[in-house]
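Here is the structure we will look at.
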Amino acid sequence: AIEKAAKFLLSHIDRDTGLPLESYDLWEERVGQHTYSAAAVYGGLTGAAKSAKELGFDDLSKRWADSASSIKDNILKRCWDSDRNRFLRGIMPDRQHGSVSIDPVVDISLIGLVYPFNVIEPDDERAISTAQMICHRLLSPGVGGIKRYEDDIYMGGNPWILTTFWLAYYYVLIDELERAKELFEWAIDHATSMD
């Protein structure tokens with residue numbers, strides 16, 4: 001089962017970008033090569049490599065670990081925007097014209113690079129600057145809580161309990177416990193029976 005899953009993931013890598021081919025984003029709204037999706041594939045291949053190693057399949061383990069490493073390299077190369085000092089939500093290759101456009105929208109899913117997929121460490125400067133921009137741009141003014149992404153119109157662009165917990169957990173990982181506590185308490189205070 002692990003081998004089938006890893007083969008599937010590897011069969012859907014764009015040869016030009018080294019990232020997973022276009023798919024829908026986490027929110028099932030737009031198609032592109034998303035940073036979150038690439039991080040998820042990295043996490044899947046890393047897990048597959050660890051499992052193969054434990055089970056004594058060293059050749060498969062090395063192949064999958066090498067593939068995961070290549071995806072990580074391409075995330076850092078193609079999805080990091082040094083001008084903005086943060087990660088991009090994704091990229092979109094234009095195969096007809098041989099160009100690539102960027103998706104610079106700030107999105108909470110970028111925390112997925114740290115948790116749960118462990119592409120970069122929580123205290124990596126790129127993670128810290130991306131999280132700072134997430135907090136700055138996605139904290140809902142007057143309401144509190146974290147929205148999914150900039151200019152989100154779903155349900156009026158309201159903050160979500162899950163997204164707020166996600167950023168709170170990130171702050172726990174970097175020992176910014178006061179920030180984490182504020183977000184955690186907001187989420188608890190605004191939870192309903194549906195959450």
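Read-outs throughout are calculated quantities, based only on the coordinates presented, and are distinct from any laboratory measurement. Because the structure is a prediction, the values reported are computed rather than measured. Because the Cβ atoms are built from the backbone with ideal geometry, glycine has one as well, and the counts that use them run over all protein chains shown.
Points to keep in mind about this one:
- Every helix of 4 or more DSSP H residues in the chain counts as -39500 (n - 2.57), and over all residues that averages to -15500 deg cm²/dmol at 222 nm.
- Normalised contact order of the chain, rounded percent, pairs of Cα under 8 Å and 6 or more residues apart: 14 percent
- Applying 0.36 nm per residue to the separation of Asp151 and Arg15 and subtracting their alpha-carbon distance, the gain on full extension is 45.7 nm.
- A protection proxy built from the mean count of other Cβ atoms within 10 Å ranks the segments 164-177, 129-142, most packed first, as 164-177, 129-142.
- Förster-model FRET efficiency, 35 Å R0, Arg137 and Ser193, C-beta, rounded to 0.05: 0.70
- log10 of Debye I(q)/I(0), alpha-carbon scatterers only, for the chain at 0.19 Å⁻¹: -1.28
- Rough spin-label spacing in nm, given labels placed 7 Å along Cα→Cβ, for Val105 and Glu182: 2.6 nm
- Take the Cα of Lys7, go 7 Å toward its beta carbon, and the backbone nitrogen atoms of segment 64-103 under 20 Å from that spot belong to 64-68.
- Euclidean distance of C-alpha centroids, segment 31-52 and segment 69-141, integer Å: 15 Å
- Those lysines that a straight Cα-Cα span of less than 22 Å connects to Lys72, excepting residues fewer than 8 apart in one chain: Lys4, Lys7, Lys50, Lys53, Lys62
- Per-residue extension of 0.36 nm, minus the Cα-Cα distance of Asp124 and Ser69, leaves a gain of 18.1 nm for this segment.
- Between 0 and 90 degrees, the angle of helix 177-190 with respect to the longest Cα principal axis of the chain falls at about 70 degrees.
- Given charges at Cβ of Lys, Arg, Asp, Glu: the chain dipole, positive-most of Ser101, Ala52, Ile71: Ala52
- Whole-number percent relative contact order across segment 69-130, with pairs defined as alpha carbons under 8 Å at least 6 apart: 26 percent
- Computed from Cα positions, the angle between helix 35-54 and the longest principal axis of the chain comes to roughly 50 degrees.
- Distance-filtered residues of segment 79-114 - backbone nitrogen under 16 Å, label point 7 angstrom along Val31 Cα→Cβ: 91-97, 101
- Per-residue extension of 0.36 nm, minus the Cα-Cα distance of Tyr24 and Tyr115, leaves a gain of 30.8 nm for this segment.
- Between the Cα long axis of helix 58-78 and the first principal axis of the chain there is an angle of about 50°, rounded to the nearest 10.
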